[in-house]
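The values are calculated or read from the model by the stated rules, or taken from the named source; none is laboratory data. All values derive from a computational prediction rather than experimental measurement. Cβ sites come from the backbone with ideal geometry, for glycine too, and all protein chains shown count toward neighbours.
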Amino acid sequence: MRHLAAILPFLILSLAATPLLQAQGRFIEKKQASIWFGVRDITPDSLANSGDLDFLNYLHSSDEMAEYQYLGLSAHLWFRGNWEADLKVGMYDDFAPTSLNLKAIWMPMKYLGYTAGFYSYPQLLNEFNMFHRLSDEGFYGDTDSNFRQRCVHETGIMAGLVMPVNYRFIHLTLYMNGGISTLSKFSEKVTQKMINGNMKREIRYSTKNSPALFFFPEAELGLDCFRIGEATLGVRGHASWYAVKRSVDYKRATWEWTYDNPVYEEVDNPAHRFSKLEIDAGLYLTW
C-alpha cells in the first residue's frame, strides 16, 4: 500500500501551509487534525464446506478484537465555495498506513450535502489450509506446518449523502455511503504427501476480481472543550458499519507426482455476507 504512505506528506504540507493560503484569500477557511484509537469487529457469514475451498469461510472474526485494534490520524479541510475534504488513515501494530477513508464533500445546503471518495481496509484470512487437512483423506493435508495467515484488502469507491448538524460546541455529522468494492487478488500454494506413500501433490490457487456492492454508513460526533489561542481542542467519537455480499472465485491448478500435465479448474464459490463495525475515540484540534 505504498500509495497510502505517499498521502501523508501531502497531508502534512496541506495543514502546514496556513500563511501562504491566507495570502491567497483563505482558499482553506478552516482546518482540523485528529488522533484517535479504535477497535473493529468483523462478523462473517460462514457457509457449509463443499468440495472446493471457500476462502471466505476462513475470514478472521475478532471475538476479542485483539487483531483489529488500530491507531488513527485524520484531517478535515473546509474550502472556499462549500467544498470540504476528509481523510482518515488507520495503522495497526506495524504502524503502516494500511486503512484509508478519503472523501470529497460538497455542501450546497446547510444540513445536506454530497460526498464521493475512496475506501480501503485490511482483514485477515486464517488457516484456510484446514480445508485440505480435514477433507483430503489419505494425504497430509498441508506439509507446511506454519500458521497460515494472509492479509487481504477491501478496496472500493463510494458516494452518498452527508448531513452535518452544528449547535454551539456540539458537532454531529452523518454519512450515508454506498459503492462498489473488490477484495485484493492473491495466490496460495498447498503441498501434500500421501500418508505411508511416496505420491506428492501440489495445489495452487489464483483468485479473480470479486466486485460487489457495499453499504457504509458513518456517524461522527465532536465536542469542543476549550480554546488555545485561535485553535479549539475537542474530543471526538466515530462509528461506522460496513456490509457487503461477495464471493471469492479462483483458478486452481493441481500437479501430481511431477510438474507435467497439471489439471486446471475454474471455481465459482457462493457469495457470503459479512459486516464490519468500527468504533473509535480521540482528540481533535481545529483552527
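Would you confirm whether any residue within segment 147-170 is in contact with a helix residue (DSSP H, G or I) (Cβ under 8 Å, 6 or more places away or on another chain) and surrounded by 14 or more Cβ atoms within 10 Å (Cβ to Cβ)?
no
Do you know which residues across segment 260-286 are touching a residue at least 12 places away in the same chain (Cβ under 8 Å) and either closer than 30 Å to residue 226 by Cα or out of contact with any strand residue (DSSP E or B) (no Cβ under 7 Å at 6 or more places or on another chain) (or both)?
Quick first cut of segment 260-286, residues touching a residue at least 12 places away in the same chain (Cβ under 8 Å) only: 264-286.
Across segment 260-286, the qualifying residues are 268, 269, 270, 278, 279, 280, 281, 282, 283, 284, 285, 286.
Here is a check on your reading of the model: is residue 248 crowded, with 17+ Cβ neighbours inside 10 Å, in contact (Cβ under 8 Å) with a residue 24 or more places away in the chain and outside any strand (DSSP E or B)? If you could, list the steps in order and put the result at the bottom.
Values: crowded, with 17+ Cβ neighbours inside 10 Å: yes; in contact (Cβ under 8 Å) with a residue 24 or more places away in the chain: yes; outside any strand (DSSP E or B): yes.
For residue 248, the condition - crowded, with 17+ Cβ neighbours inside 10 Å, in contact (Cβ under 8 Å) with a residue 24 or more places away in the chain and outside any strand (DSSP E or B) - is met.
So which residues in segment 267-285 are out of contact with any Phe, Trp or Tyr (no Cβ under 7 Å at 6 or more places or on another chain) and closer than 28 Å to residue 243 by Cβ, if there are any at all?
Those that are out of contact with any Phe, Trp or Tyr (no Cβ under 7 Å at 6 or more places or on another chain) and closer than 28 Å to residue 243 by Cβ: 268, 269, 270, 271, 272, 273, 274, 278, 279, 284.
Among strands (runs of 3 or more DSSP E) lying entirely in segment 146-228, which contain 1 or more residues that are touching a residue at least 12 places away in the same chain (Cβ under 8 Å) and among the polar types (S, T, N, Q)? Quick ask: steps written out before the conclusion?
Values: elements: 149-167, 170-183, 187-194, 200-207, 212-228.
In segment 146-228, the matching strands (runs of 3 or more DSSP E) lie at 149-167, 170-183, 187-194, 200-207.
Taking the stated definitions as given, is residue 181 within 30 Å of residue 261 (Cα to Cα) and of a type in the set (Gly, Ala, Ser)?
Answer is no for this residue.
Anything in segment 261-278 that is exposed (fewer than 15 other Cβ atoms within 10 Å of the Cβ) and in a strand (DSSP E or B)? List them, or say none.
Matches in segment 261-278: 263, 264, 265, 266, 273.
Across segment 85-105, what is the number of residues that are of a type in the set (A, V, I, L, M, F, W, C) and at pLDDT below 95? Let's see the steps before the verdict.
As a first pass, look at segment 85-105 and keep what is of a type in the set (A, V, I, L, M, F, W, C): 85, 87, 89, 91, 95-96, 100, 102, 104-105.
From what is left, the residues that are at pLDDT below 95 are 91, 95-96.
The number of residues fulfilling the criteria is 3.
Among residues belonging to segment 106-146 that are hydrophobic (A, V, I, L, M, F, W, C) and touching a Phe, Trp or Tyr at 6+ places or on another chain (Cβ under 7 Å), point out the one that is modelled with the highest pLDDT.
The extreme case among them is 106.
Check 79, 55 and return the single one that is at pLDDT 95 or above, among the aromatic types (Phe, Trp, Tyr) and under 18 Å from residue 122 (Cα atoms).
Going through 79, 55 in turn, the sole match is 55.
Could you figure out which of (1) assigned to a strand (DSSP E or B); (2) within 30 Å of residue 253 (Cβ to Cβ); (3) of a type in the set (Gly, Ala, Ser) isn't true of residue 90?
(2)
Filter segment 19-52 down to the residues that are under 23 Å from residue 72 (Cβ atoms) and either hydroxyl-bearing (Ser, Thr, Tyr) or modelled with pLDDT under 50 (or both), then identify the one that is nearest to the chain's Cα centre (by Cα). Full working, then the answer.
First, the residues of segment 19-52 that are under 23 Å from residue 72 (Cβ atoms): 28, 30-43.
Now restrict to residues that are either hydroxyl-bearing (Ser, Thr, Tyr) or modelled with pLDDT under 50 (or both): 34, 43.
Numbers: 34: 19, 43: 14 Å.
Residue satisfying both the conditions and the ranking: 43.
In the set 258, 232, 207, which member is over 21 Å from residue 60 (Cα atoms), surrounded by 14 or more Cβ atoms within 10 Å (Cβ to Cβ) and not aliphatic (A, V, I, L, M)?
Going through 258, 232, 207 in turn, just one is over 21 Å from residue 60 (Cα atoms), surrounded by 14 or more Cβ atoms within 10 Å (Cβ to Cβ) and not aliphatic (A, V, I, L, M): 232.
Counting just the residues of segment 117-132 that are outside any strand (DSSP E or B) and touching a strand residue (DSSP E or B) at 6+ places or on another chain (Cβ under 8 Å), which one comes out surrounded by the fewest Cβ atoms within 10 Å (Cβ to Cβ)?
Taking the candidates together, the pick is 127.
Anything in segment 157-192 that is under 17 Å from residue 210 (Cβ atoms) and of a type in the set (D, E, K, R)? List them, or say none.
Those that are under 17 Å from residue 210 (Cβ atoms) and of a type in the set (D, E, K, R): 185, 188.
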